[in-house]
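The values are calculated or read from the model by the stated rules, or taken from the named source; none is laboratory data. Because the structure is a prediction, the values reported are computed rather than measured. Virtual Cβ from ideal backbone geometry, glycine too; neighbours counted across all protein chains shown. We work out accessible area using only protein heavy atoms, side chains counted, and drop any ligands, DNA or RNA first. Shrake-Rupley method; radii C 1.70, N 1.55, O 1.52, S 1.80 Å.
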Amino acid sequence: MTPIIQIKDVHKHFGNVHALQGVSLDIEKGEVVVIIGPSGSGKSTLLRCINRLEEFDAGSIIVDGIPLDTAANINAVRTEVGMVFQQFNLFPHLSVMNNILLAQQVVRRRSKEEASRNAMMLLEKVGIPDKANAFPLQLSGGQQQRVAIARALAMNPKIMLFDEPTSALDPEMIQEVLDVMLDLAREGMTMVVVSHEMGFAKAAANRAILMDAGQIVEEAPPDILFTQPKQDRTKLFLSKIL
C-alpha cells in the first residue's frame, strides 16, 4: 500500500536557520508515530508542514495521494487532516457545542441537527458530554484540550496531528487527554504526535522518531528506541528525559 503521508527531502528555512534539512519520512495508514527531540529540532515545523500551515522551501509532501503543491490541493488536504495544538485555540466567545458545530456547518455543509448529533457523540467519546453548554474559560485545561480533540474529530479526518498536546497542562490533567488519544490509536486513526510523553509512546506508537537540528537522527519501535538506541545523540537525549 502507498503510505498515507509521503515526505521527501523537505527543507525549511527561517531566515538563516535551516529548520528542516532534507527530511524524508513515510507514514502508513493507521500508523501512530511519535516524534521526540530537543527544542528547536524541527519537530513542530515538520508537523505543520504536513497540512501546509508552514510552507516548506524544497522537497515534496503527498498526503493521501494529494501533493501539497496548489491552493486547491492544500485545502483538500486540510479537510482530511485534523490538528490539535499545544494551546487549545478554542473560540472563547462560543460554547463548547458551538465550537464543535462551526466547521462542520461551514466546511462540511452539515445541517445543524446532524452536526449537533455528531458533536454530542464526540463529547461522549472524550468524556465531557455535560460540558456542551459551557464556555472554554469555564473548563480546566484538560477539558479544553478534549474539546479541541472533539472539534478536530468532528470533521471526520483521516489523519490527526498532535503538536505537544499535553505540554500546557497541569500534571494531573495530562492523563485524561492521553487516554482519549490512546483510544483513537486503538481505533486505527493515523496519528503523528510531537510529544515527550514516553508512556503514551510505549502504549500507542508503532514508531518513535528522534529529531535533532532539523534531521531525523534515529527511528525504531518505541520499546527498542527507548531501551536500545544506536545513535549517541539518541542516547544523550534519552538520558536526560527518561
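As an exercise, take the mean of 1/r over every pair of distinct alpha carbons in region 122-229, invert it, and state the Kirkwood radius in angstroms.
15.0
Which value, in Å², gives the accessible area per residue of the chain when a 1.4 Å probe is used on the protein heavy atoms? Working shown, then result.
Details: 11140 Å² over 242 residues.
Per residue, the chain has an accessible area of 46 Å².
Name the residue from GLY141, GLN215, ALA152 whose Cα lies farthest towards the positive end of the charge dipole of region 137-242, charges +1 on Cβ of Lys and Arg and -1 on Cβ of Asp and Glu.
Value computed over the given set: GLN215.
For region 162-242, what's the relative contact order in percent, using C-alpha pairs closer than 8 Å and at least 6 residues apart?
Value for region 162-242: 21 percent.
Let me know the charge dipole size of region 1-113 about its Cα centre in debye, to the nearest 20, where only the beta-carbon of Lys, Arg (+1) and Asp, Glu (-1) is charged. Kindly include the intermediate steps, with their values, before the conclusion.
Working: 11 positive and 11 negative charges, 88 e Å.
It works out to roughly 420 debye.
Rounded to the nearest 500, what is the chain's calculated 222 nm mean residue ellipticity when only DSSP H runs of at least 4 contribute -39500 (n - 2.57) each, over all residues?
Helices in the chain give a 222 nm mean residue ellipticity of -11500 deg cm²/dmol.
On a 0 to 90 degree scale, rounded to 10, what angle separates helix 171-186 from the longest Cα axis of the chain?
90
Order these peptides, 213-223, 193-203, by their mean beta-carbon neighbour count within 10 angstrom, highest first.
Numbers: 213-223: 17.6, 193-203: 20.2.
Answer by packing, highest mean first, reads 193-203, 213-223.
Below 8 Å, C-alpha to C-alpha, sequence gap of six or more: please give me the relative contact order for the chain in percent.
Dividing the mean separation by the residue count of the chain yields 26 percent.
Pairs of alpha-carbon atoms within less than 8 angstrom and 6+ residues apart define the contacts here; what relative contact order does region 83-137 have, in percent?
The value is 49 percent.
Extension gain THR227-GLU124, at 0.36 nm per residue separation less the Cα-Cα distance, in nm?
33.4 nm
Can you check what the net charge comes to around ILE128, using other residues whose Cβ is under 15 Å from the Cβ of ILE128 (Lys, Arg +1; Asp, Glu -1)?
Around ILE128, the charge tally is -1.
Return the subset of LYS158/LYS202; LYS8/LYS29; LYS12/LYS43; LYS202/LYS235; LYS29/LYS158 for which the Cα-Cα distance in this structure is over 19 Å, preserving the input order. Intermediate results must be reported in sequence, preceding the final value.
Working: LYS158/LYS202 23 Å; LYS8/LYS29 17 Å; LYS12/LYS43 12 Å; LYS202/LYS235 17 Å; LYS29/LYS158 9 Å.
In this structure, LYS158/LYS202 lie more than 19 Å apart at Cα.
How would region 68-116 be classified by its alpha-carbon gyration tensor: rounded, prolate or oblate, with rounded meaning a/c under 1.5 and the a/b versus b/c comparison settling the rest?
It is oblate, given that a/c is not under 1.5 and a/b is not larger than b/c.
Of the DSSP beta bridges with both residues in the chain, give the percent that are antiparallel, rounding to the nearest 5.
55
Helix 232-241 versus the longest principal axis of the chain: what is the Cα-based angle in degrees, 0 to 90, to the nearest 10?
40
So what's the angle, to the nearest 10 degrees on a 0 to 90 scale, between helix 112-125 and the longest Cα principal axis of the chain?
The two axes meet at around 60 degrees.
Taking the dipole about the Cα centre of region 1-143, with the C-beta of Lys and Arg at +1 and of Asp and Glu at -1, give me whichever of VAL84, VAL107, ALA119 is farthest to the positive side.
The one lying farthest along the dipole's positive direction is ALA119.
Could you tell me what percent of the accessible area of the chain is made up of carbon and sulfur, with a 1.4 Å probe and every protein chain present?
Working: 5470 of 11140 Å².
Ligands and nucleic acids excluded, carbon and sulfur reach 49 percent.
Could you give the size of the charge dipole of the chain about its Cα centre, using +1 on the Cβ of each K and R and -1 on the Cβ of each D and E, expressed in debye and rounded to the nearest 20?
400
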